[in-house]
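Colleague: This is the structure I have questions about; it appears just below.
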Amino acid sequence: MCAVKDPVVIHKGLDNVYVKESKICFIDGEASKLFYRGYSIEALASHSTFEETTYLLIYGSLPTRSQLEDFTKRISLYRSLETSLLQLIHSFPITSDPMDVLRTAVSALGLYDPQPASDRIEDRIDKALRIMAKAPTIVAAFDRLRNGREPMPPRTELSHAADFLQMLIGKTPGDYDAHIMDVAMILHAEHEMNASTFSCTVTASTLADMYSIITSGIGTLRGPLHGGANEAALKTVLDVGDPSKADEYVVRALAEKKRIMGFGHRVYKTWDPRYVILKKLGAELAAQKGETKLFETATAIEESALRHLAGSPIFPNVDSYSGIVFHTLGIPTDLFIPVFAMSRIAGWTAHAIEYLQANRLIRPKALYVGQKELPYVPIDSRQE
Ligand code: CMC
């Protein structure tokens, strides 16, 4: 038996464990600040586009006009799906969860790549961009097929966000809806070393291909503790149904030790800056569509929760209004996590590429607390 030299510290949940140096994203959870590559999320939401933000995240600096034009064109041309992939999606049960469809289709995309495992950095980025470009096409195609409608082909002249709405809803979205979708995608594009980004980083560290890296991110994002809170927050607002019932709901939920969805965060101990932006967009969108009840109910829940949780570090997070924004844009609830994934592929790629440039296989340890040196018992001698 070897003696343990130092006491072993177990970092459950890897809280406060740093796995790399990074120049991609900085969160100041005490000061309500979020930066992508040094640019504030407020500046990006006001002035950038999803395409430009993706370029920034992956390549490290804002593109020039010609770089952005080339990049935007490249993504738009990558959006269409191979006929065989469309047939594959067609063959899925219509009852499938869209997140399972996205995970399976992204994994299958690797089968159509003649060199899926090429490990030149430029090739890796190109493969990731193809996956990112096709993800909205996959999600929209499945939604139409399950509703008995033909998939809409992508349109290269539309922005990535507008094209997703076009392929989903079947008509060109208005400029305002396209803008809101674009900003929502910027806000979901990156968020430092969260669970799905770590999952992608672990897979990258084994030198696996980009299809495996992004598929592992989608699988990790799928869980209710990570990507699923926006669905749950919207469900709460729909269930409460009216601003007048918000306080009663919050009081009961907290008395029963239930969590208010869209509240609390492992990193932010004050307002999530993405919440501030989404709430403003949600208010504008609701007023524009003349559908204000949902938004007012969410606001009543928020105000009540803030009153009852006063003194705790629990504040609204990105998910308190993202579901309402997506819902008002006409996106079905079970597409919220796929929409999150479609946006986050940008951040996953940036982190995987950054990690690979100074790669070290991620291989933590588990402290063994089981039995040792047991005599092997033949199967016939074991007690049923
Ligand atoms: N409502 C009521 N109480 C809460 C909430 C909430 N939303 N969140 C945390 N608490 C309480 C919790 O009950 C616990 O109380 P006590 O100490 O009395 O048992 C205390 O706060 C600490 O909870 P924790 O789980 O240790 O805190 P955490 O910082 O690890 O939790 C969280 C982060 C996001 C898992 C949690 O706040 C939560 O479950 N929120 C609801 C789900 C949600 O909105 N998730 C979306 C997160 S943002 C997504 C993203 O950035 O990608």
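The values are calculated or read from the model by the stated rules, or taken from the named source; none is laboratory data. Note that this is a predicted model, so its numbers are computed, not measured. Backbone-built Cβ (ideal geometry, glycine too); neighbour counts: all protein chains shown.
Colleague: If you check Thr215 against the conditions, is it in a loop (DSSP other than H, G, I, E, B) and hydroxyl-bearing (Ser, Thr, Tyr)?
Modeller: Taking the combined requirement at face value, the residue does not satisfy it.
Colleague: To continue, here is another question. Does the stretch 73-88 hold any residues that are touching a helix residue (DSSP H, G or I) at 6+ places or on another chain (Cβ under 7 Å), in a helix (DSSP H, G or I) and within 19 Å of Leu165 (Cα to Cα), and which are they?
Modeller: Once the filter is applied, which keeps residues that are touching a helix residue (DSSP H, G or I) at 6+ places or on another chain (Cβ under 7 Å), in a helix (DSSP H, G or I) and within 19 Å of Leu165 (Cα to Cα), the stretch 73-88 yields Ile75, Tyr78, Leu86.
Colleague: Restricting to the stretch 221-250, give me the number of residues that are in contact with a Phe, Trp or Tyr (Cβ under 8 Å, 6 or more places away or on another chain), under 21 Å from Ala346 (Cα atoms) and in a helix (DSSP H, G or I).
Modeller: Residues flagged as in contact with a Phe, Trp or Tyr (Cβ under 8 Å, 6 or more places away or on another chain), under 21 Å from Ala346 (Cα atoms) and in a helix (DSSP H, G or I) within the stretch 221-250 amount to 2.
Colleague: If I filter the stretch 277-298 down to residues being away from the ligand (no atom under 16 Å from the Cβ) and among the β-branched types (Val, Ile, Thr), which single residue comes out as modelled with the lowest pLDDT?
Modeller: Thr292
Colleague: OK, next. Suppose we keep only residues that are at pLDDT 95 or above and over 14 Å from Ser320 (Cα atoms) within the stretch 221-239. Which one would you say is nearest to the ligand (Cβ to nearest atom)?
Modeller: Top of the filtered list is Leu221.
Colleague: While we're looking at this one, here's another question. Would you confirm whether any residue within the stretch 344-354 is under 21 Å from the mean Cα position of the chain (by Cα), more than 30 Å from Ile169 (Cβ to Cβ), more than 16 Å from the ligand (Cβ to nearest atom) and surrounded by fewer than 21 Cβ atoms within 10 Å (Cβ to Cβ)?
Modeller: Looking for residues that are under 21 Å from the mean Cα position of the chain (by Cα), more than 30 Å from Ile169 (Cβ to Cβ), more than 16 Å from the ligand (Cβ to nearest atom) and surrounded by fewer than 21 Cβ atoms within 10 Å (Cβ to Cβ), one finds at least one in the stretch 344-354, hence yes.
Colleague: Scan (1) more than 12 Å from the ligand (Cβ to nearest atom); (2) buried (at least 23 other Cβ atoms within 10 Å of the Cβ) for the single condition Arg274 breaks and write down its number.
Modeller: (1) is the only condition that Arg274 fails.
Colleague: Can you tell me which condition Phe263 does not meet? The list is (1) crowded, with 21+ Cβ neighbours inside 10 Å; (2) more than 13 Å from the ligand (Cβ to nearest atom), and all the others hold.
Modeller: In the conditions (1) crowded, with 21+ Cβ neighbours inside 10 Å; (2) more than 13 Å from the ligand (Cβ to nearest atom), Phe263 misses (2) alone.
Colleague: Does Lys12 satisfy being of a type outside the set (A, V, I, L, M) and at pLDDT below 95?
Modeller: yes
Colleague: Could you grab me the full set of residues in the stretch 139-168 that are assigned to a helix (DSSP H, G or I), over 21 Å from Thr104 (Cβ atoms) and in contact (Cβ under 8 Å) with a residue 40 or more places away in the chain?
Modeller: His160, Ala161, Asp163, Leu165
Colleague: Name the pairs: first residue in the stretch 334-356 and closer than 17 Å to Ile138 by Cβ, second residue aromatic (Phe, Trp, Tyr), Cβ to Cβ under 7 Å, at least 6 apart or on different chains?
Modeller: Phe336/Phe326; Val339/Phe326
Colleague: Can I ask one more? Would you pick out the residues in the stretch 11-43 that are loosely packed, with under 15 Cβ neighbours inside 10 Å, outside any strand (DSSP E or B) and within 15 Å of the ligand (Cβ to nearest atom)?
Modeller: His11, Lys12, Gly13, Leu14, Asp15, Asn16, Val17, Glu30
Colleague: Select from the stretch 116-137 the residues that are under 23 Å from the mean Cα position of the chain (by Cα) and basic (Lys, Arg) and list them in ascending order.
Modeller: Arg124, Lys127, Arg130, Lys134
Colleague: In the stretch 184-210, how many residues are closer than 30 Å to Leu281 by Cα, of a type in the set (A, V, I, L, M) and crowded, with 23+ Cβ neighbours inside 10 Å?
Modeller: Number of matching residues: 5.
Colleague: Here's another thing I want to ask about it. Can you list residue pairs whose Cβ atoms sit under 8 Å apart, with the first residue in the stretch 241-254 being free of Cβ contacts under 8 Å to residues at least 40 places away in the same chain and crowded, with 17+ Cβ neighbours inside 10 Å and the second being not β-branched (Val, Ile, Thr) and not in a helix (DSSP H, G or I)? Count only pairs 6 or more apart in sequence or on different chains.
Modeller: Ala253/Arg259
Colleague: How many residues does the stretch 299-332 contain that are buried (at least 23 other Cβ atoms within 10 Å of the Cβ), under 18 Å from Ile260 (Cβ atoms) and more than 13 Å from the ligand (Cβ to nearest atom)?
Modeller: Selection size over the stretch 299-332: 1.
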